[in-house]
Amino acid sequence: VGPSDASPDEGVVEDLPLIDEKAVEQLTEGLISHYLPDLQRSKSALQELTQNQVVLLETLEQEISKFKECNSILDINALFSEAKHYHNKLVNIRNEMMMLHEKTSKLKVSGRN
């Protein structure tokens, strides 16, 4: 068995220094105490932002519904204008028919004489 037959992991465990559990715990606590306040501030800022977005979305939905109501009112106004236009046409047709009826009645009377 030559040097190329040896396992690449062989001897690694012996090369690692002994890990001091207390040092790891203290380093972890230091790291957390360094970053945790910023992370907590970021979390509260994100929560506030999310709440503000919810309020904004609700306000936008209310405004959109107001615009929809305005469009409905405009549509109704257009329908009333159109109805008035056709009513005027009907009145004119009725007047024309009455005039034609009078003329035909006069023609009948004058035709009998």
Lone qualifier among ILE76, ILE32 - being surrounded by 10 or more Cβ atoms within 10 Å (Cβ to Cβ), among the β-branched types (Val, Ile, Thr), more than 32 Å from the chain's Cα centre (by Cα) and assigned to a helix (DSSP H, G or I) = ILE32
Cβ-Cβ under 8 Å pairs, at least 6 apart or on other chains, the range 94-107 side surrounded by 10 or more Cβ atoms within 10 Å (Cβ to Cβ), far side at pLDDT 90 or above and part of a helix (DSSP H, G or I) = none
Evaluate the range 48-61: report whether one residue or more is open to solvent by 100 Å² or more (accessible area, probe 1.4 Å), at pLDDT 95 or above, out of contact with any helix residue (DSSP H, G or I) (no Cβ under 8 Å at 6 or more places or on another chain) and polar (S, T, N, Q).
-> yes
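The values are calculated or read from the model by the stated rules, or taken from the named source; none is laboratory data. Predicted, not measured: the structure shown is a model, and the values here were computed from it. So basically every Cβ, Gly included, is an ideal-geometry build from the backbone, and we count neighbours across all protein chains shown. Only protein heavy atoms, including side chains, enter the accessible area calculation; ligands, DNA and RNA are left aside. Shrake-Rupley method; radii C 1.70, N 1.55, O 1.52, S 1.80 Å.
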